[in-house]
Amino acid sequence: MVALENTDTVGQSAGMTIDVQTVSHSFELHGAPLPVLDGVELRVEPGELVALLGPSGCGKSTLLRLVAGLEPPSRGRILADGRPITGPDPSRVVVFQDPTLYPWRTVRDNVALGLEARGLLRSQGHRIDKALALVGLAGFEKAYPHQLSGGMSQRAALARALVNDPRLLILDEPLGKLDSLTRLAMQSELVDLWRNTGFTGLLVTHDIEEALFMATRVIVFSGRPARIKADLSVDRPYPRHRGDPVLTELRHRILELLGLAETW
Amino acid sequence: MSLNDTAAALPAANGGTLPIGGLLPSSLPLRFSAAALLWFAASGVTALWPDAADAQEWERTGEFASLLVVAAGLLVLTALLAAAIHPAPRSRLESAIAGLSASVPWLIALALGVTGWEILTAKLNLLPRPFFVPPQALLEVYLDDWPRLLDCFAASLTLLATGYTVGSVLGVVTGVAIGWSRAVGYWVHPVLRLIGPLPATAWLPIAFFAFPTSWSASVFLIALASGVPVTVLTWSGVAGVNSAYYDIARTLGASPRFLVLKVAVPAAMPHVFVGLFMGLGASFAVLVVAEMLGVKSGVGWYLQWAQGWAAYGNMYAALLVMALVCSGLVTLLFRVRDRLLAWQKGMLKW
């Protein structure tokens with residue numbers, strides 16, 4: 001909210017600190033509890049871009065839902081800037097694997113969603129165009145989602161998040177459904193966005209190369225229930241190079257951690 | 001209707017050529033002339049062939065024959081215009097004429113149908129009277145009984161609009177409430193399940209003594225008939241909304257009110273319109289039955305009254321207008337839907 005006072009700063013925000021304190025979580029499945037997170041302990045500093053990596057279905061996405069405030073954790077607690085998270089908040093915005101744009105709204109009206117929901121459309125409406133320009137969608141304001149390609153839809157979803165000046169951007173496999181070329185291009189774009197703004201980023205991905213190319217830290221999870229197996233710092237400058245031998249070495253280590261060393 | 005639209009759009013899209021059904025534009029005037037000829041023939045049969053000697057002579061035969069001549073004349077005019085615009089339509093009128101060419105088979109069939117009808121009834125008296133009447137008997141009704149007919153249609157439309165509006169609004173509200181709230185669903189769902197499949201007309205005997213007037217009873221029945229499908233479809237639409245839509249809105253700071261009005265309702269709209277369409281059909285049926293059995297005005301009452309006097313001409317005349325009005329109302333509903341749901345792909349054309 002504080003960031004919104006300054007109306008000319010789409011994509012300028014102070015990052016948020018996230019403190020995950022011994023969080024465990026389980027679902028009900030056929031009457032029996034199914035543990036998905038087990039004693040997760042994680043601190044994310046302002047402005048970090050942390051990738052969460054782990055086997056499919058291990059519970060990474062669940063952790064993101066807890067951080068977003070969409071569900072409360074079964075045990076433990078999560079602090080945002082030192083205050084416990086009790087529900088969703090526009091300072092913590094999620095971008096899902098599916099763009100989930102509302103098909104009945106134009107691109108512009110989709111991006112306007114957050115401002116409209118909080119009654120800020122009239123005073124802050126001009127930020128929509130800036131957000132669209134930021135993701136390279138200027139000129140597509142009046143298009144409907146079914147007229148967009150996968151990459152463009154995901155850009156629109158990104159603009160819908162960024163227009164709110166989130167202090168934490170939660171990315172749940174945001175590039176997972178894109179073709180590989182679009183995906184590589186958007187990895188760089190996301191990194192640029194993150195570097196130019198200053199939000200804290202949490203990125204769930206299956207793609208080791210993507211994690212290493214983008215993140216400042218990579219957290220490797222075990223299979224379900226997810227425990228943190230390793231916390232690797234990726235201390236390389238941006239823009240990064242995919243052929244960087246340090247990244248290659250880290251990739252080897254992560255494959256080992258995931259039990260896939262024999263594929264090296 | 002969509003066929004005409006497509007045909008009218010074709011010339012522009014193809015830069016002036018007109019390959020409708022593989023027909024060359026040069027045959028257009030000829031086709032219109034053929035249709036005109038048949039309408040002249042229909043008129044000639046009506047006017048010149050004397051009515052069967054073993055029965056009463058029909059009134060308004062001359063007027064009906066004139067009407068057929070007018071139709072034929074219009075077709076002659078169209079044929080002339082079509083000859084003038086050959087080979088490529090340029091103006092809107094010309095495109096409209098080119099588009100009309102798709103209807104020529106229908107114009108021909110109608111002329112033959114009217115002629116056959118005329119011969120079988122008035123001219124040869126082959127069909128049992130008074131159940132079958134010639135076309136001029138319908139014209140007679142329109143010319144002589146139009147004030148009463150107009151009154152009846154006005155009464156019916158008022159009743160229908162009132163009942164359908166009440167039913168649709170309540171249906172959407174109930175449907176959203178069931179789909180949204182577990183508590184409402186718990187209480188309303190069993191009631192809906194029990195009562196929903198019951199035809200609204202089954203309530204007729206109760207409704208007519210439970211309500212102060214037969215008019216308000218009919219509003220209740222029409223509202224019930226249209227409300228049930230609208231409720232069920234709205235509910236299914238709301239229940240089927242992608243839960244990620246809610247997650248997105250919630251993380252962006254949406255209130256529950258916003259989630260209902262700006263997420264659930266618009267997402268359910270395609271379903272709601274299916275319900276509105278089904279409800280409209282059901283409300284036509286209930287309207288006529290209610291007017292036949294209780295309300296002392298309206299089309300249903302008119303049909304009943306006409307049958308009581310064996311005035312079958314009046315009945316057919318009313319049925320014809322009713323068909324046009326009902327079809328018009330459905331068309332109107334689809335137009336509204338097309339406008340509101342323009343964001344959807346692959347919509348059914350009415």
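The values are calculated or read from the model by the stated rules, or taken from the named source; none is laboratory data. Values in this document were obtained by computation on a predicted structure and should not be read as measured data. Using ideal geometry, Cβ is built from the backbone for each residue, glycine included, and neighbour counts are taken over all protein chains shown. Surface accessibility is based on the protein's heavy atoms, side chains included, excluding ligands, DNA and RNA. Shrake-Rupley method; radii C 1.70, N 1.55, O 1.52, S 1.80 Å.
Annotations
- Solvent-accessible area of A:Thr86 with every protein chain in place, 1.4 Å probe, in Å² to the nearest 10: 140 Å²
- Each residue of the stretch B:305-317 was assigned a 3J(HN,Hα) from its phi angle through the Karplus expression (A = 6.51, B = -1.76, C = 1.60, θ = phi - 60°), giving 4, 5, 5, x, 8, 6, 8, 5, x, 4, 5, 4, 4 Hz with x at Gly and Pro.
- With 10 Å bins beginning at zero, the pair-distance distribution over Cα atoms of the stretch B:43-95 amounts to 22, 31, 19, 17, 9, 2 %.
- Bridge orientation summary for chain A: considering DSSP beta bridges with both residues in this region, about 55 percent are antiparallel.
- Surface per residue (accessible, 1.4 Å probe) for the protein assembly as shown, Å²: 48 Å²
- Divide the volume of the convex hull around the Cα atoms of the protein assembly as shown by the residue count and you get 233 Å³ per residue.
- Candidates A:Leu202, A:Leu175, A:Leu29: whichever shows maximal mean-square fluctuation once chain A is modelled as a Gaussian network with Cα springs under 10 Å: A:Leu29
- Within chain A, the percentage of alpha carbon pairs spaced more than 36 angstrom apart rounds to 13%.
- In sequence order, calculated HN-Hα J values of the stretch B:161-171 (Karplus, 6.51, -1.76, 1.60; Hz; x Gly/Pro): 4, 5, x, 5, 5, 4, x, 5, 4, 4, x
- Computed [θ] at 222 nm, deg cm²/dmol, chain A (DSSP H ≥ 4; -39,500 (n - 2.57); rounded to nearest 500): -9000 deg cm²/dmol
- Convex hull of the stretch A:179-264 built on C-alpha atoms - directionally averaged projected area, nm²: 6.3 nm²
- Across the stretch B:114-121, coupling constants 3J(HN,Hα) worked out from phi with the 6.51/-1.76/1.60 Karplus curve, θ = phi - 60°, read 5, 4, x, 4, 4, 5, 5, 8 Hz, and Gly and Pro carry x.
- With the charge dipole of the stretch B:223-350 set up from +1 on Lys and Arg Cβ and -1 on Asp and Glu Cβ about the Cα centre, the Cα lying farthest toward the positive end among the listed residues B:Pro270, B:Cys326, B:Pro256 is that of B:Pro256.
- Convex hull of Cα atoms in the stretch B:146-340, direction-averaged projection (nm²): 12.5 nm²
- Amide proton proximity set for A:Ala230, modelled H, under 5 Å, gap of 5+: A:Val220
- Counting lysine pairs in the protein assembly as shown that sit 8 or more residues apart in sequence, or on different chains, and whose Cα atoms lie under 29 Å apart gives 14.
- Percentage, to the nearest whole number, of Cα pairs in the stretch A:111-193 over 14 Å apart: 63 percent
- Where A meets B: accessible area buried, both sides, 1.4 Å probe, Å²: 2000 Å²
- Remark: the stretch B:54-193 projects, on average over all directions, an area of 16.3 nm² (convex hull of Cα atoms).
- With the whole protein complex present, A:His241 retains an accessible surface near 130 Å², based on a 1.4 Å probe.
- Alpha-carbon spread of chain B, three principal axes, descending order, Å: 75, 60, 28
- Inter-part distance where the stretch B:41-111 and the stretch A:76-107 are each reduced to a Cα centre, Å: 67 Å
- Chain B, helix-only ellipticity at 222 nm - DSSP H runs n ≥ 4, -39,500 (n - 2.57), divided by all residues, nearest 500: -24500 deg cm²/dmol
- Calculated SAXS-style log₁₀ I(q)/I(0) at q = 0.09, 0.10, 0.12, 0.20 Å⁻¹ - the stretch A:38-151, Debye, Cα scatterers: -0.34, -0.42, -0.59, -1.19
- Element breakdown for the stretch B:146-340 at a 1.4 angstrom probe: carbon and sulfur atoms account for 73% of the accessible area.
- Dimensions (Å) - the stretch A:98-242, Cα atoms, principal axes, largest first: 46, 34, 29
- With the largest listed first and rounded to whole Å, the semi-axes of the equivalent ellipsoid of the stretch A:158-225 from the Cα gyration tensor are 20, 16, 12.
- Residues whose placed amide H lies under 5 Å from that of A:Gly76, excluding near-sequence neighbours: A:Ser24
- The amide H of A:Val95, built 1.01 Å from its N in the peptide plane, has A:Ile170, A:Leu171, A:Asp172 as neighbours under 5 Å, considering only residues 5 or more places off or on other chains.
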